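Scroll down for the structure; my scribbles are underneath it.
The numbers here are math on the coordinates, done by the rules we state, and not lab data. What you see is a predicted model, and the numbers here were worked out from it, not measured in a lab. As a convention, Cβ positions derive from the backbone with ideal geometry for all residues, glycine included, and neighbour counts pool all protein chains shown.
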Amino acid sequence: MESHLFCHRCGAELTPGEGNFYVVRIEAFADPTPPKISQEDLEDIDINAEIEKIIEQARGMSQAELMDQVYRKMTIYLCARCYADWIENPAG
Ligand SMILES: [Zn+2]
């Protein structure tokens, strides 16, 4: 079974071994810095109510959806021409 690769942008068929495409690995995660909490915040806060709120928000979301919010990883393939365009403006 031969596997076919296609350019993620233009759909051109890519031929492994011919060096005419790029593999782009994307890893994205939410800001990993813990929130700054002052001593006063801690005294003010009702921990049980906060936990209730988070559980309430999480209810109805699947495990995968929760993971997607903090971390995503994907691999895309780009033909040489699309790569040349994309790498100049990857966030565009
Ligand atoms: Zn392409």
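Let me check I've understood the local charge: for Thr75, count other residues with C-beta under 13 angstrom from its C-beta, Lys and Arg +1, Asp and Glu -1. What total comes out?
That sum, taken over residues with Cβ under 13 Å, equals +2.
Excluding Ala12 itself, calculate the net charge of residues whose Cβ lies under 14 Å from the Cβ of Ala12, where each Lys or Arg counts +1 and each Asp or Glu counts -1.
Computed value for this residue: -1.
Give the span of the chain's Cα atoms along each principal axis, as three whole-Å numbers ordered largest to smallest.
The principal-axis extents, from largest down, are 63, 32, 19 Å.
Where is the GNM fluctuation largest for the chain (alpha-carbon springs, 10 angstrom cutoff): Thr75, Thr15, Thr33?
Checking each option, the largest mean-square fluctuation is seen for Thr33.
Going by average Cβ neighbours within 10 Å, how do the peptides 60-68, 36-44 rank, with the highest at the top?
Ranking, from highest mean packing down: 60-68, 36-44.
Which residue fluctuates most in the GNM of the chain (Cα springs below 10 Å): Ile45, Ile76, Ile26?
Maximum among the listed residues: Ile45.
In percent, what relative contact order does the chain have, based on Cα pairs under 8 Å that are 6 or more apart in sequence?
49 percent
Among residues other than Trp86 whose Cβ falls under 14 Å from its Cβ, what is the net charge (Lys/Arg +1, Asp/Glu -1)?
+1
Nothing charged except the Cβ atoms of Lys and Arg (+1) and of Asp and Glu (-1): what's the magnitude of the dipole of region 5-84 about its Cα centre? Round to the nearest 20 debye.
The dipole magnitude comes to about 860 debye.
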